[in-house]
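Take a look at the structure set out below.
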Amino acid sequence: MSSSAIDIQEARARSVSINDEAVTVDLVDVDLVDGRTIIVPLVWFPRLWHGTPMERNHMEIFGDVTYIHWPDLDEDLTVAGLLAGRQSAESLGSLRAWLASRRTTPKKRGARRIT
């Protein structure tokens, strides 16, 4: 097994933040326990991108700190997937159904509009 595969499998998150005040693009920042930081565009994960700041800030890190879960957005990411550069694999149909279900609930402050 290569050392990079070992690094990916053993990577664990210390903290996660959403930087939606970046100059050019909103970002997901994940600080790892080994000192590295993963930074990926928020748009890679449409459910996070369409979430409100409150929804994006409500997350849980679990599974020996290798999984990140946003319960309000039904989004799950793995640290290994982020390190491997994996974007959301959700189908467009599934995303559209999820977005439609959000339109039927009361509007939340700061929600992004779908164009």
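What follows draws every value from the coordinates through simple rules; no lab data is involved. What you see is a predicted model, and the numbers here were worked out from it, not measured in a lab. Cβ placement follows ideal geometry from the backbone for every residue including glycine, while neighbour counts extend to all protein chains displayed.
All Cα-Cα distances of the range 3-103, cut into 10 Å bins from zero to the largest, leave 15, 48, 30, 6, 0 percent in each bin in turn. For the range 75-99, backbone nitrogen atoms closer than 20 Å to the point 7 Å from TRP44 Cα along Cα-to-C-beta are found at 75-92, 95. Amide hydrogen proximity for SER15: with H placed 1.01 Å from N in the peptide plane, the residues at 5 or more positions away or on another chain lying under 5 Å are ASP31. A dipole drawn for the range 3-103 from +1 and -1 charges on Cβ atoms has a positive end, and of MET59, ASN19, LEU42 the residue lying farthest that way is LEU42. For the range 84-91, backbone phi angles converted through the Karplus equation (6.51, -1.76, 1.60; θ = phi - 60°) give residue-by-residue couplings of 7, x, 7, 8, 4, 9, 5, 6 Hz, Gly and Pro being listed as x.
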